[in-house]
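> I have a structure I would like to understand better, so I am pasting it below and will then ask my questions one at a time.
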Amino acid sequence: MSIRKRLVALLAAAVLLCTIGATAFAYDVPDMSKKGCIQITMKQGKTVVPGGNLTLYRVGSVYADNGNYSFQLTGNFKDCGESLKDVQSAALAKKLAQYAAKNKIAGTTKDIGKDGKITFDNLELGLYLMVQDKAANGYNKAEPFLVTVPMLENGKYVYDVNASPKVEVEKEPTKPTTQTNKPTSSTLPKTGQLDWPIPILVVSGLGLFSIGWMLRFGNKKGKYEK
């Protein structure tokens with residue numbers, strides 16, 4: 001093989017390697033012009049749980065830094081002092097919910113449908129906090145949780161987010177029922193007094209009556225005999 005052909009082959013290989021590298025390191029970026037949607041299905045295991053409500057708060061906005069996208073506190077949460085580095089943290093969601101309650105921050109509240117689903121649409125891109133103020137009948141309230149719009153799945157950003165796998169509500173513990181003991185018969189309950197003194201009192205009364213009768217009439221009989 002001539003030197004010229006070798007150079008052409010090496011150049012082609014170099015171009016191929018650059019192309020592969022560019023493909024490997026390519027990543028999707030959010031479209032900031034889009035709106036998002038969050039649909040949540042409340043579940044207990046595999047059973048959907050209708051009833052109750054959820055309140056939505058936008059706590060963070062999306063910002064770009066050298067091609068990397070993350071979130072920064074926004075709106076009424078700007079001064080809460082929390083870090084948004086770990087948006088999957090349950091502790092962070094709880095702290096943000098406590099901050100919202102303490103500062104009486106208003107959110108968007110919707111009732112959960114009969115199918116256990118609730119939808120918030122036409123949302124700006126950002127980080128959202130979900131808080132359940134009213135639980136379904138017979139269930140405890142779900143813990144506060146965070147949802148990102150969009151959500152990165154398999155290297156692609158999804159703008160219609162389904163958060164049903166992230167929500168599990170628990171049933172209230174069953175309270176033991178107290179049973180009242182009722183008399184099983186129509187007789188009056190015992191008061192603790194024994195029955196045996198009654199015959200003795202009757203016999204004693206008859207004996208005393210007999211003695212008194214004998215004393216009275218016996219004395220009269222003695223007088224007549226004299």
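> Restricting attention to the stretch 56-86, which residues are under 18 Å from Tyr159 (Cα atoms) and among the small types (Gly, Ala, Ser)?
Gly60, Ser61, Ala64, Ser70
> Separate question: Quick check on Ala14: is it surrounded by 10 or more Cβ atoms within 10 Å (Cβ to Cβ), farther than 30 Å from Ser83 by Cα and at pLDDT below 60?
yes
> Taking only pairs six or more apart or across chains, which ones have beta-carbon atoms under 6 Å, a first residue in the stretch 87-107 that is in a loop (DSSP other than H, G, I, E, B), and a second residue that is modelled with pLDDT of 95 or more and open to solvent by 60 Å² or more (accessible area, probe 1.4 Å)?
Close Cβ pairs satisfying both conditions: Ile105/Asn76.
> Here's another thing I want to ask about it. Within the stretch 75-92, how many residues are open to solvent by 60 Å² or more (accessible area, probe 1.4 Å) and hydroxyl-bearing (Ser, Thr, Tyr)?
Of the residues in the stretch 75-92, 1 are open to solvent by 60 Å² or more (accessible area, probe 1.4 Å) and hydroxyl-bearing (Ser, Thr, Tyr).
> Still on this structure, I have one more. Need pairs with beta-carbon distance below 7 Å; first residue of a type in the set (Gly, Ala, Ser) and within the stretch 40-53, second surrounded by fewer than 18 Cβ atoms within 10 Å (Cβ to Cβ) and modelled with pLDDT of 90 or more; sequence gap 6+ or separate chains.
Matching pairs, first to second residue: Gly51/Asn137; Gly52/Lys134.
> I would also like to ask the following. Restricting attention to the stretch 37-49, which residues are at pLDDT below 95 and open to solvent by 20 Å² or more (accessible area, probe 1.4 Å)?
Lys43, Gln44, Gly45, Lys46, Thr47, Val48
> Does any residue of the stretch 68-86 turn out to be of a type in the set (Lys, Arg) and modelled with pLDDT of 95 or more?
So far as the stretch 68-86 goes, yes, one or more of its residues are of a type in the set (Lys, Arg) and modelled with pLDDT of 95 or more.
> Quickly run through the stretch 93-122 and pick out the residues that are surrounded by 20 or more Cβ atoms within 10 Å (Cβ to Cβ) and either aliphatic (A, V, I, L, M) or in contact with a Gly (Cβ under 8 Å, 6 or more places away or on another chain) (or both).
Ala93, Leu96, Ala97, Ala100, Ile112, Ile118
> Modelled with pLDDT under 95, closer than 27 Å to Gln132 by Cα, exposed (fewer than 13 other Cβ atoms within 10 Å of the Cβ) and β-branched (Val, Ile, Thr), is that true of Thr23?
no
The values are calculated or read from the model by the stated rules, or taken from the named source; none is laboratory data. Remember, it's a predicted structure, so these values are computed and weren't measured experimentally. Neighbour counts are summed over all protein chains in view; Cβ atoms, including those assigned to glycine, are modelled from backbone coordinates with ideal geometry. Side chains are part of the model used for accessible areas, which takes the heavy atoms of the whole protein and leaves out ligands, DNA and RNA. Shrake-Rupley method; radii C 1.70, N 1.55, O 1.52, S 1.80 Å.
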